[in-house]
1. Could you tally the net charge around Pro53, taking each other residue with its Cβ under 12 Å from the Cβ of Pro53, Lys/Arg +1 and Asp/Glu -1?
2. Leaving out ligands and nucleic acids, note down the accessible area per residue over the chain with a 1.4 angstrom probe, in whole Å².
3. Using only the Cα atoms, work out Rg/Rh for region 81-186, with Rh taken as the Kirkwood radius, to two decimals.
4. Where Lys and Arg each count +1 and Asp and Glu each count -1, what net charge lies around Met86 among other residues with Cβ under 12 Å from its Cβ?
5. Check each of the trypsin sites (Lys or Arg not before Pro) in region 100-147 and keep only those in coil by DSSP with at most 15 other C-beta atoms within 10 angstrom; list them in order.
6. Return the long-range amide H neighbours of Arg2 (sequence gap of 5 or more, or a different chain), with a cut-off of under 5 Å between placed amide H atoms.
7. Restricting to DSSP H runs of at least four residues, report the calculated mean residue ellipticity at 222 nm for the chain, -39500 (n - 2.57) per run over all residues, nearest 500 deg cm²/dmol.
8. Taking only Cα atoms and a 10 Å spring cutoff, compute GNM fluctuations for the chain and point out the largest among Ser20, Ser169, Ser42.
Amino acid sequence: MRFDIITVLPGLLESPFAHSILQRAQKKGIAEIHVHNLRDYSTGKHKNVDDYPYGGGSGMVMMIEPFAACIEKLKAERTYDEVVFMTPDGVTLNQGIANHLSTLQNVIILCGHYKGIDQRVRDLYVTRELSIGDYVLSGGELPAAIVVDAVVRLIPGVLSDETSALSDSFQGDLLDAPVYTRPADWNGHRVPDILLSGNTPAIEKWRFEQSMERTKQRRPDLLE
Ligand code: ADE
(Lines give C-alpha, C1' and ligand atoms only; values in the text may rest on other atoms or scores of the structure.)
Protein backbone atom coordinates (compact mmCIF):
# COMPACT_ATOMS: atom_id res chain seq x y z
CA MET A 1 0.00 0.00 0.00
CA ARG A 2 1.21 3.50 -0.83
CA PHE A 3 0.46 6.76 0.97
CA ASP A 4 1.27 10.19 -0.45
CA ILE A 5 0.94 12.86 2.21
CA ILE A 6 0.82 16.51 1.17
CA THR A 7 1.86 18.98 3.86
CA VAL A 8 3.54 22.34 4.52
CA LEU A 9 5.45 20.74 7.42
CA PRO A 10 7.13 17.59 6.06
CA GLY A 11 9.57 17.59 9.01
CA LEU A 12 6.68 16.96 11.39
CA LEU A 13 6.09 13.59 9.71
CA GLU A 14 9.65 12.27 9.75
CA SER A 15 9.70 10.70 13.19
CA PRO A 16 6.28 8.98 13.30
CA PHE A 17 7.15 6.84 10.28
CA ALA A 18 10.76 6.09 11.26
CA HIS A 19 10.12 3.73 14.17
CA SER A 20 8.64 0.43 15.20
CA ILE A 21 5.86 -1.12 13.12
CA LEU A 22 5.64 1.65 10.50
CA GLN A 23 9.37 1.51 9.90
CA ARG A 24 9.27 -2.29 9.64
CA ALA A 25 6.33 -2.22 7.21
CA GLN A 26 8.31 0.09 4.92
CA LYS A 27 11.48 -1.99 5.18
CA LYS A 28 9.51 -5.11 4.28
CA GLY A 29 8.12 -3.27 1.23
CA ILE A 30 4.52 -3.69 2.45
CA ALA A 31 3.94 0.05 2.89
CA GLU A 32 5.38 3.05 1.06
CA ILE A 33 4.96 6.46 2.65
CA HIS A 34 5.88 9.51 0.58
CA VAL A 35 5.73 12.98 2.09
CA HIS A 36 5.42 15.96 -0.29
CA ASN A 37 6.17 19.56 0.61
CA LEU A 38 3.25 21.64 -0.62
CA ARG A 39 5.55 24.66 -0.99
CA ASP A 40 7.41 22.86 -3.79
CA TYR A 41 4.18 23.22 -5.82
CA SER A 42 3.73 26.93 -5.23
CA THR A 43 4.40 29.19 -8.19
CA GLY A 44 4.57 32.29 -5.96
CA LYS A 45 7.80 34.27 -5.57
CA HIS A 46 7.86 33.53 -1.85
CA LYS A 47 6.56 29.97 -2.19
CA ASN A 48 3.38 31.05 -0.44
CA VAL A 49 0.59 28.49 -0.15
CA ASP A 50 -2.07 30.58 1.61
CA ASP A 51 -3.93 33.84 1.05
CA TYR A 52 -6.56 36.07 2.67
CA PRO A 53 -10.12 34.75 2.74
CA TYR A 54 -12.62 36.20 0.25
CA GLY A 55 -15.29 38.09 2.14
CA GLY A 56 -12.91 39.00 4.94
CA GLY A 57 -12.45 37.43 8.34
CA SER A 58 -9.52 36.24 10.37
CA GLY A 59 -6.93 33.65 9.38
CA MET A 60 -5.43 32.60 6.09
CA VAL A 61 -6.85 30.05 3.66
CA MET A 62 -4.71 27.48 1.85
CA MET A 63 -4.85 28.06 -1.92
CA ILE A 64 -6.08 25.56 -4.50
CA GLU A 65 -3.19 25.89 -6.99
CA PRO A 66 -0.38 24.13 -5.05
CA PHE A 67 -2.74 21.31 -3.97
CA ALA A 68 -4.04 20.91 -7.51
CA ALA A 69 -0.51 20.84 -8.98
CA CYS A 70 0.70 18.20 -6.49
CA ILE A 71 -2.42 16.00 -6.74
CA GLU A 72 -2.48 16.18 -10.57
CA LYS A 73 1.21 15.21 -10.72
CA LEU A 74 0.60 12.19 -8.48
CA LYS A 75 -2.54 11.18 -10.38
CA ALA A 76 -0.61 11.28 -13.65
CA GLU A 77 1.78 8.68 -12.19
CA ARG A 78 -0.74 6.17 -10.79
CA THR A 79 -4.40 5.69 -9.93
CA TYR A 80 -5.52 6.62 -6.43
CA ASP A 81 -8.33 4.91 -4.55
CA GLU A 82 -8.98 7.80 -2.19
CA VAL A 83 -7.95 11.41 -1.53
CA VAL A 84 -8.39 11.95 2.20
CA PHE A 85 -8.51 15.37 3.83
CA MET A 86 -7.76 15.57 7.56
CA THR A 87 -10.15 18.05 9.17
CA PRO A 88 -11.93 18.39 12.51
CA ASP A 89 -15.27 18.61 10.67
CA GLY A 90 -14.76 15.25 8.95
CA VAL A 91 -16.17 11.84 9.92
CA THR A 92 -14.49 10.54 13.07
CA LEU A 93 -11.94 7.83 12.34
CA ASN A 94 -12.86 4.41 13.70
CA GLN A 95 -11.66 0.84 13.30
CA GLY A 96 -14.12 0.13 10.49
CA ILE A 97 -12.74 3.00 8.41
CA ALA A 98 -9.17 1.90 9.17
CA ASN A 99 -10.07 -1.65 8.06
CA HIS A 100 -11.52 -0.31 4.80
CA LEU A 101 -8.50 1.90 4.06
CA SER A 102 -6.13 -1.03 4.71
CA THR A 103 -7.63 -2.84 1.69
CA LEU A 104 -6.67 -0.04 -0.72
CA GLN A 105 -3.58 0.35 -2.92
CA ASN A 106 -2.88 4.08 -3.22
CA VAL A 107 -4.12 6.85 -0.96
CA ILE A 108 -3.37 10.59 -0.91
CA ILE A 109 -3.72 12.43 2.41
CA LEU A 110 -4.01 16.23 2.52
CA CYS A 111 -3.00 18.09 5.67
CA GLY A 112 -4.67 21.44 6.28
CA HIS A 113 -3.42 24.41 8.27
CA TYR A 114 -4.41 27.96 9.14
CA LYS A 115 -8.12 28.71 8.77
CA GLY A 116 -8.68 25.85 6.34
CA ILE A 117 -8.27 25.04 2.67
CA ASP A 118 -10.10 26.54 -0.28
CA GLN A 119 -13.43 24.70 -0.50
CA ARG A 120 -12.77 23.90 -4.18
CA VAL A 121 -9.96 21.51 -3.18
CA ARG A 122 -12.51 19.61 -1.10
CA ASP A 123 -15.19 19.75 -3.80
CA LEU A 124 -12.94 18.75 -6.71
CA TYR A 125 -10.37 16.35 -5.29
CA VAL A 126 -11.25 15.01 -1.85
CA THR A 127 -13.13 11.70 -1.64
CA ARG A 128 -13.17 11.35 2.16
CA GLU A 129 -12.86 13.81 5.06
CA LEU A 130 -11.59 12.39 8.34
CA SER A 131 -11.31 13.76 11.86
CA ILE A 132 -9.44 12.05 14.70
CA GLY A 133 -11.73 13.49 17.36
CA ASP A 134 -13.74 16.46 18.58
CA TYR A 135 -10.86 18.83 19.27
CA VAL A 136 -8.89 21.16 17.03
CA LEU A 137 -5.18 20.62 16.38
CA SER A 138 -2.88 23.10 14.70
CA GLY A 139 -2.66 21.07 11.51
CA GLY A 140 -3.53 17.79 9.83
CA GLU A 141 -0.04 16.23 10.11
CA LEU A 142 -0.47 14.43 13.44
CA PRO A 143 -3.96 13.25 12.42
CA ALA A 144 -2.48 11.96 9.12
CA ALA A 145 0.19 10.04 11.04
CA ILE A 146 -2.52 8.49 13.19
CA VAL A 147 -4.49 7.36 10.14
CA VAL A 148 -1.38 5.82 8.55
CA ASP A 149 -0.48 4.01 11.78
CA ALA A 150 -4.02 2.69 12.31
CA VAL A 151 -4.17 1.46 8.70
CA VAL A 152 -0.68 0.06 8.05
CA ARG A 153 -0.68 -2.22 11.10
CA LEU A 154 -3.76 -3.95 9.63
CA ILE A 155 -2.11 -4.88 6.33
CA PRO A 156 -1.37 -8.64 6.31
CA GLY A 157 2.30 -9.32 6.99
CA VAL A 158 2.96 -6.12 8.94
CA LEU A 159 2.42 -7.50 12.44
CA SER A 160 4.48 -10.58 13.19
CA ASP A 161 1.55 -12.21 15.01
CA GLU A 162 -1.29 -11.41 12.64
CA THR A 163 -3.92 -12.45 15.14
CA SER A 164 -2.87 -9.67 17.49
CA ALA A 165 -4.48 -7.00 15.31
CA LEU A 166 -7.67 -9.04 15.31
CA SER A 167 -7.87 -9.19 19.09
CA ASP A 168 -7.35 -5.41 19.48
CA SER A 169 -9.86 -3.34 21.34
CA PHE A 170 -12.62 -2.24 18.89
CA GLN A 171 -11.80 -4.89 16.28
CA GLY A 172 -14.68 -7.08 17.50
CA ASP A 173 -16.65 -4.20 19.05
CA LEU A 174 -15.32 -5.11 22.52
CA LEU A 175 -12.54 -3.49 24.52
CA ASP A 176 -9.51 -5.62 25.42
CA ALA A 177 -9.33 -7.62 28.65
CA PRO A 178 -6.62 -6.56 31.17
CA VAL A 179 -3.16 -8.04 30.61
CA TYR A 180 -0.37 -8.91 33.07
CA THR A 181 3.26 -10.04 32.96
CA ARG A 182 5.85 -11.07 35.56
CA PRO A 183 6.15 -10.86 38.52
CA ALA A 184 3.02 -12.77 39.54
CA ASP A 185 3.11 -10.95 42.88
CA TRP A 186 4.28 -7.35 43.08
CA ASN A 187 4.27 -6.03 46.65
CA GLY A 188 1.19 -8.12 47.40
CA HIS A 189 -0.65 -7.11 44.19
CA ARG A 190 -1.29 -10.47 42.59
CA VAL A 191 -2.05 -11.43 38.99
CA PRO A 192 -5.51 -13.09 38.83
CA ASP A 193 -5.07 -16.82 39.64
CA ILE A 194 -6.95 -17.90 36.53
CA LEU A 195 -4.15 -16.54 34.30
CA LEU A 196 -1.62 -18.77 36.10
CA SER A 197 -3.85 -21.85 35.91
CA GLY A 198 -2.79 -23.08 32.47
CA ASN A 199 -6.48 -23.84 31.77
CA THR A 200 -6.80 -22.27 28.31
CA PRO A 201 -10.62 -22.54 27.89
CA ALA A 202 -11.14 -21.05 31.36
CA ILE A 203 -8.70 -18.23 30.54
CA GLU A 204 -10.50 -17.50 27.26
CA LYS A 205 -13.84 -17.39 29.12
CA TRP A 206 -12.37 -15.05 31.77
CA ARG A 207 -10.96 -12.76 29.08
CA PHE A 208 -14.29 -12.60 27.30
CA GLU A 209 -16.11 -11.77 30.55
CA GLN A 210 -13.54 -9.10 31.39
CA SER A 211 -13.91 -7.61 27.87
CA MET A 212 -17.68 -7.52 28.25
CA GLU A 213 -17.47 -5.92 31.69
CA ARG A 214 -14.96 -3.29 30.59
CA THR A 215 -17.02 -2.48 27.49
CA LYS A 216 -20.23 -2.21 29.57
CA GLN A 217 -18.49 0.12 32.04
CA ARG A 218 -16.51 2.31 29.64
CA ARG A 219 -18.16 2.14 26.22
CA PRO A 220 -21.76 0.90 26.52
CA ASP A 221 -22.41 2.51 23.12
CA LEU A 222 -20.32 -0.25 21.49
CA LEU A 223 -22.75 -2.92 22.71
CA GLU A 224 -25.83 -1.28 21.19
N1 ADE B 1 -6.89 19.11 11.88
C2 ADE B 1 -7.03 19.86 12.99
N3 ADE B 1 -7.70 19.21 13.93
C4 ADE B 1 -8.02 17.99 13.43
C5 ADE B 1 -8.71 16.86 13.91
N6 ADE B 1 -9.25 16.83 15.13
N7 ADE B 1 -8.82 15.80 13.10
C8 ADE B 1 -8.31 15.82 11.85
N9 ADE B 1 -7.65 16.86 11.34
C10 ADE B 1 -7.49 17.94 12.11
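1. On the way: positive: Lys115; negative: Asp50, Asp51, Asp118.
Summing Lys/Arg as +1 and Asp/Glu as -1 gives -2.
2. That works out to 58 Å² per residue.
3. Working: Rg = 16.8 Å, Rh = 15.6 Å.
With Rh from the inverse mean 1/r over Cα pairs, Rg/Rh is 1.08.
4. My count for the surroundings of Met86 gives -1.
5. In loop regions of region 100-147 (DSSP not H, G, I, E or B), the sparsely surrounded trypsin sites (Lys or Arg not before Pro) are Lys115.
6. Result for Arg2 returns Glu32, Asn106, Val107.
7. Details: 7 runs with 70 residues, N = 224.
Result for the chain, helices only: -9000 deg cm²/dmol.
8. Maximum fluctuation in the GNM of the chain, among the listed residues, is at Ser20.
The values are calculated or read from the model by the stated rules, or taken from the named source; none is laboratory data. Remember, it's a predicted structure, so these values are computed and weren't measured experimentally. With ideal geometry, Cβ positions are generated from the backbone for all residues, glycine too; neighbour counts draw on all protein chains shown. Heavy atoms of the whole protein, side chains included, go into the accessibility calculation; ligands, DNA and RNA do not. Shrake-Rupley method; radii C 1.70, N 1.55, O 1.52, S 1.80 Å.
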